[in-house]
Amino acid sequence: MIRFNTLKELTAMAEEKDLPVHEIVIAREVHDSQHDRETVLAGMEENWRVMQAAIERGIRNTERSVSGMTGGDARRLYGFREEGYLGRPALSAASYAVGISEVNAVMGRIVACPTAGSCGIVPAALYAAKEIKKVSDAQIIRALFTAAGIGMVIDQNASIAGAAGGCQAECGTAAGMAAGALAELAGGTPDMVGNACALAIKNLLGLVCDPVAGLVEVPCVKRNGFAVVEAMLAADMTMAGIRSAIPVDEVIDAMNRIGKALPKSLRETSEGGLATTRTAQAIEKRVYPEQSKR
């Protein structure tokens, strides 16, 4: 039986067996699901197909959400990718992440990874890796298990829900998952997978969940774009030999404690932060006119 409750346990197990992290996670999924390896891999392959379809739809999308708050920004950013400061790879990744989130906002098909509010980050990072590093779909499917293993650990030791831990629990977790998967795809060791995760999450600690009008649109959609670039930088820092001063499991514990310390108003209730700005209040009255009459 394969069990791990921390990333230290997961990466140590991989190193002891001289295996990549994804193999440990696949073995656990085979055991827990009682499906064979081929079935488990096929399930993740289907997830990857859905992710890619959402990206391709997202960067072409001009449809606005029902609220009117979001739609078309991924297409704009994708068209600007040759002109910006960050260059084509980063701007492409950001446009993919925004695009998936916009697909979610118009009720399109996405994979919650780990949540709908953070659905663009992991797929965008891996799609960018496919383009930049020329990695195969088979490699990406395996890397998705690495991301899943990281998400499992965070879910066990902190939270992946904005209502429980703020947006650090959603976009922060997704950035950590993406960074770890990218590090593995770049040839990183299991220890480097954990280090990339730590670097990504550290920079998003304390990020609040303050959705305007209670919808997963503003600021959620654009946060996905920012977070994927951060995940890519965390992986690059790791591959360049930069270490996180704080071990990844301690970073996760800090995220858990910070989430519990956040007031209710900053945990998806729309009672604080951006959701209570003058403009946000006007948007809410427009989106919910009946409520404003009460």
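Amide H of residue 217: which non-local residues (sequence gap of 5 or more, or other chain) have their own amide H closer than 5 Å, using H built in the peptide plane?
Amide H to amide H, under 5 Å and 5 or more residues apart or across chains, residue 217 pairs with 212.
Under 1.5 on a/c is rounded, so check that first for segment 252-294, then, if it is not, pick prolate when a/b is larger than b/c and oblate when it is not; a ≥ b ≥ c are the square roots of the alpha carbon gyration tensor eigenvalues.
Values: a/c = 4.17, a/b = 3.10, b/c = 1.34.
Prolate, since a/c reaches 1.5 and a/b exceeds b/c.
When every alpha-carbon pair in segment 134-222 is counted, what percent end up more than 18 Å apart?
Numbers: 1774 of 3916 pairs.
Summing the P(r) of segment 134-222 above 18 Å gives 45 percent of all pairs.
Give the accessible surface of the chain per residue, rounded to a whole number of Å², with probe radius 1.4 Å and ligands, DNA and RNA excluded.
Details: 13280 Å² over 294 residues.
Accessible surface, normalised per residue, equals 45 Å².
Mind ranking 162-168, 190-196, 216-222 by how tightly packed they are, going by the mean number of other C-beta atoms within 10 angstrom, highest first?
Numbers: 162-168: 24.4, 190-196: 27.3, 216-222: 22.9.
Descending packing order for the listed peptides: 190-196, 162-168, 216-222.
Could you order the peptides 90-102, 197-209 from most to least packed, using the average number of other C-beta atoms within 10 Å per residue? Present the calculation step by step, with values, prior to reporting the outcome.
Values: 90-102: 28.8, 197-209: 24.7.
Put in order of decreasing packing, that is 90-102, 197-209.
Calculate how steeply helix 278-287 sits against the longest principal axis of the alpha-carbon atoms of the chain, using the helix alpha-carbon long axis, and give the answer as 0 to 90 degrees to the nearest 10.
Approximately 80 degrees, to the nearest 10.
Beta carbons within 10 angstrom, averaged per residue: use that to sort the peptides 111-123, 13-25, highest first. Write out the running numbers ahead of the final one.
Working: 111-123: 26.2, 13-25: 19.2.
Those peptides, ordered most packed to least, come out 111-123, 13-25.
So how much slack lies between residue 36 and residue 107, counting 0.36 nm per residue of separation and subtracting their Cα-Cα distance, in nm? Can you show the working numbers first?
Values: separation 71, 0.36 × 71 = 25.56 nm, distance 3.26 nm.
My answer for the length gained is 22.3 nm.
Sort out for me the Cα centre separation of segment 211-266 from segment 87-114, rounded to whole Å.
Going from one Cα centre to the other spans 17 Å.
Mind putting together the pair-distance distribution for segment 187-294? All Cα pairs, 10 Å bins, whole percent per bin, short to long.
All Cα pairs considered, the percentages come to 14, 33, 27, 17, 7, 2.
Output the 0 to 90 degree angle, nearest 10, between the alpha-carbon long axis of helix 220-239 and the longest principal axis computed from the alpha carbons of the chain.
30 degrees
When each pair of different Cα atoms in the chain is counted once in the 1/r mean, what is the Kirkwood radius in angstroms, to one decimal?
Details: mean 1/r = 0.0525 Å⁻¹.
Across the chain, the inverse of the average 1/r is 19.1 Å.
Report residue 130's accessible area, 1.4 Å probe, all protein chains in place, as a number in Å² to the nearest 10.
Rounded to the nearest 10, the figure is 60 Å².
Assuming 0.36 nm per residue, please report the length gained on full extension of the stretch residue 290 to residue 260 beyond their Cα-Cα distance. Let's see the in-between values first.
Working: separation 30, 0.36 × 30 = 10.80 nm, distance 3.37 nm.
Taking 0.36 nm per residue and subtracting the Cα distance, the gain is 7.4 nm.
Ignoring ligands, DNA and RNA, what percent of the accessible area of segment 73-230 is carbon or sulfur (1.4 Å)? Let's see the in-between values first.
Details: 2960 of 5210 Å².
C and S atoms contribute 57 percent here.
To the nearest 10 degrees, how steeply does helix 37-58 sit against the main Cα axis of the chain, on a 0 to 90 scale?
Once rounded, one gets 30 degrees.
By what distance, in whole Å, do the Cα atoms of segment 215-269 stretch along each of the three principal axes, largest value first?
40, 26, 10
Which Cys residues of the chain have no other Cys beta carbon under 4.7 Å away?
113, 119, 171, 197, 220
As a check on your grasp of the helix formula, calculate [θ] at 222 nm for the chain: sum -39500 (n - 2.57) over DSSP H runs of n ≥ 4, divide by the residue count, round to the nearest 500.
Calculated mean residue ellipticity at 222 nm is -20000 deg cm²/dmol.
The values are calculated or read from the model by the stated rules, or taken from the named source; none is laboratory data. The shown structure was predicted, so the numbers you read here are calculated from the model rather than taken from an experiment. Glycine gets a Cβ as well: all are built from the backbone with ideal geometry, and neighbour counts include every protein chain shown. Areas reflect the complete protein model, heavy atoms only, side chains present, ligands, DNA and RNA absent. Shrake-Rupley method; radii C 1.70, N 1.55, O 1.52, S 1.80 Å.
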